[in-house]
Amino acid sequence: MAESVWVFLLALLTAVATGLGALPFLLFQNPTRSWLGVSNALAAGLMLAASLGLVYEGLAYGLWRTALGILLGLLFIVVTRRLIQREEHPAVFAGMGALDARKALLVVGVMTLHSFTEGVAIGVSFGGSEALGLFIAVALAVHNIPEGLAISLVLVPRGIGVGRAALWSILSSVPQPVMAVPAFLFVALFSPLLPSGLGFAAGAMVWMVFSELVPDALEEANGATVTTVVALSAAAMVAFQFLIR
Ligand SMILES: [Zn+2]
């Protein structure tokens, strides 16, 4: 019992770390709409590299289960997007135009979705050994910071304040403490699902990058800038993920 509380608290800490990703925006007083092109390109690179990291992780558990997960993730996001588009105005983000609110909702939604699997990863690792669990929790906490940055990059230039962007970032990671405890208590049940979950999250995120973030970036900034920023931020995120392993 005491162990479950420990797992929960550590996973909660990884969620809170996501909020740190909003902090760079404290330095920039008025991130205006003109930032949206570069901002979206940056977020696209971060999310692209993060999703490749998920696939890589999944492959260590099983090729076919990961591949199945990717297909399900793609299917899920296509259906979800249809449903959101039917709604007149997603009322979650007050003060935003309908189009912006829809995009913001999709990005926060996809990031929240992928946190479920990461919560399972924390719990399953703790089931393996406490040292492994601790390592994965710390690695995920650090990994969450650029993901919070990606979310803030989408929200802040669309008019959301830094504090609220930090809060949305933390909320997107709340599934981590929520899922970590049951996955820890029922490792045998959850661990076979892990590669599919990782693939699922990766499929949804890659789709998001190419169907929302990159086209959006291209509307506001020229092709050369967008490509350069996507490539550089993806490379930086890959290097970052490699270093915190
Ligand atoms: Zn992640």
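Bear in mind these aren't lab numbers, they're just calculated from the coordinates by the rules spelled out. Predicted model, so just to flag it, every value in this text is computed and none were measured. Every residue, glycine among them, receives a Cβ derived from its backbone with ideal geometry; neighbour counts consider all protein chains shown.
Remark: relative contact order (the chain) = 45 percent; criterion is Cα-Cα distance under 8 angstrom and separation of 6 or more residues.
Size of the chain from its Cα atoms: along the principal axes, largest to smallest, the extents are 49, 36, 36 Å. Only one residue of TYR61, MET47, VAL178 has its Cα farthest out toward the positive end of the dipole of the chain, where Lys and Arg carry +1 and Asp and Glu -1 on Cβ, and that residue is MET47. Most tightly packed first, judged by the mean number of other beta-carbon atoms within 10 Å of their residues, the peptides 6-13, 233-240, 202-209 read 202-209, 6-13, 233-240. For region 56-151, the alpha-carbon radius of gyration amounts to 1.33 times the rule-of-thumb value 2.2 N^0.38 Å expected for a compact globular protein. Look at the dipole of the chain built from charges on Cβ: of GLN241, ALA98, VAL162, the Cα furthest out on the positive end belongs to ALA98.
Helix 2-18 and the longest principal axis of the Cα set of the chain meet at an angle near 20°.
Charge dipole (Cα centre; +1 on Lys/Arg Cβ, -1 on Asp/Glu Cβ; no other charges) of region 45-166 amounts to roughly 400 debye. Report note on the peptides 48-57, 109-118, 125-134, 150-159: ranked by the mean count of other C-beta atoms within 10 Å, highest first, their order is 150-159, 109-118, 48-57, 125-134. Take each peptide in 195-201, 78-84, 22-28, count the other Cβ atoms within 10 Å of every residue, and average; sorted highest first, the result is 195-201, 22-28, 78-84. Projected over all directions and averaged, the alpha-carbon convex hull of region 102-165 occupies 4.5 nm².
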